[in-house]
Amino acid sequence: MHYIRTILILLVIYLALTGNLQPSNIVLGALVAAVATLLLRPQPSRLDWRRLPAATWALIRYIAILAVDVIESGITVARIVLDPKLPIRPGIVAIPSGCSSELGTALSAHALSVTPGELVIGIDDYGVLYTHCLDATHSAEYAAQAQAMRRDLLSKIFV
């Protein structure tokens with residue numbers, strides 16, 4: 001029953017993304033969803049309803065903070081690029097993710113990479129994110145504080 005539910009959910013997502021309800025596309029979507037489900041073998045999980053309000057609030061805060069970071073970083077990078085002197089001090093900064101799960105580490109890496117001026121170029125086995133920054137001097141100071149906040153929110157969402 002769990003696999004059928006997963007296949008149906010993936011099929012609905014596929015159809016919503018393609019916007020094509022022709023029978024051939026529905027069959028193709030069902031096949032893609034079935035193969036993905038069989039390859040990934042998702043495990044059933046139980047939702048802890050008591051944690052849902054805190055997780056939802058943490059998710060809303062996480063998305064809002066990420067949006068603000070993207071806007072602020074975009075403005076900063078635009079300023080740097082438009083400056084004739086091009087005042088950059090590039091470098092690679094090691095940022096420990098501090099997340100206990102691979103999903104948390106991946107989302108932290110995504111949050112860093114989506115902000116202009118920073119790009120995660122590698123993650124080691126211990127969850128350390130190696131990040132290329134346009135201004136490594138300021139990024140090193142800011143990264144620890146921002147990563148601690150992200151780690152706190154992600155732990156509330158995914159634990």
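Among the residues of segment 89-104, are any loosely packed, with under 12 Cβ neighbours inside 10 Å, at pLDDT below 85, on the phi < 0 side of the Ramachandran plot and within 16 Å of the chain's Cα centre (by Cα)?
Yes, because at least one residue in segment 89-104 is loosely packed, with under 12 Cβ neighbours inside 10 Å, at pLDDT below 85, on the phi < 0 side of the Ramachandran plot and within 16 Å of the chain's Cα centre (by Cα).
So which residues in segment 112-159 are within 18 Å of residue 88 (Cβ to Cβ) and of a type in the set (D, E, K, R)?
The answer is 118, 135, 141.
Could you tell me whether segment 3-11 includes any residue that is over 24 Å from residue 158 (Cα atoms), aliphatic (A, V, I, L, M), at pLDDT 85 or above and surrounded by 12 or more Cβ atoms within 10 Å (Cβ to Cβ)?
There is at least one residue in segment 3-11 that is over 24 Å from residue 158 (Cα atoms), aliphatic (A, V, I, L, M), at pLDDT 85 or above and surrounded by 12 or more Cβ atoms within 10 Å (Cβ to Cβ).
Consider residue 45 against the criteria (1) of a type in the set (Ser, Thr, Tyr); (2) modelled with pLDDT of 85 or more; (3) not in a helix (DSSP H, G or I): it satisfies all of them except one. Which criterion is unmet?
For residue 45, the exception is condition (2).
For segment 135-157, what are the residues that are among the hydrophobic types (A, V, I, L, M, F, W, C) and either touching a helix residue (DSSP H, G or I) at 6+ places or on another chain (Cβ under 6 Å) or part of a strand (DSSP E or B) (or both)? Walk me through how you get there before you give the answer.
Taking segment 135-157 as the starting set, the residues that turn out to be among the hydrophobic types (A, V, I, L, M, F, W, C) are 136, 140, 143-144, 146, 148-149, 153-154, 157.
Scanning segment 135-157 gives 153, 154, 157.
Report, by residue number, each residue of segment 49-70 that is surrounded by 10 or more Cβ atoms within 10 Å (Cβ to Cβ) and at pLDDT below 80.
The one that is surrounded by 10 or more Cβ atoms within 10 Å (Cβ to Cβ) and at pLDDT below 80: 51.
The values are calculated or read from the model by the stated rules, or taken from the named source; none is laboratory data. Because the structure is a prediction, the values reported are computed rather than measured. We place every Cβ from the backbone using ideal geometry, glycine too, and count neighbours over all the protein chains shown.
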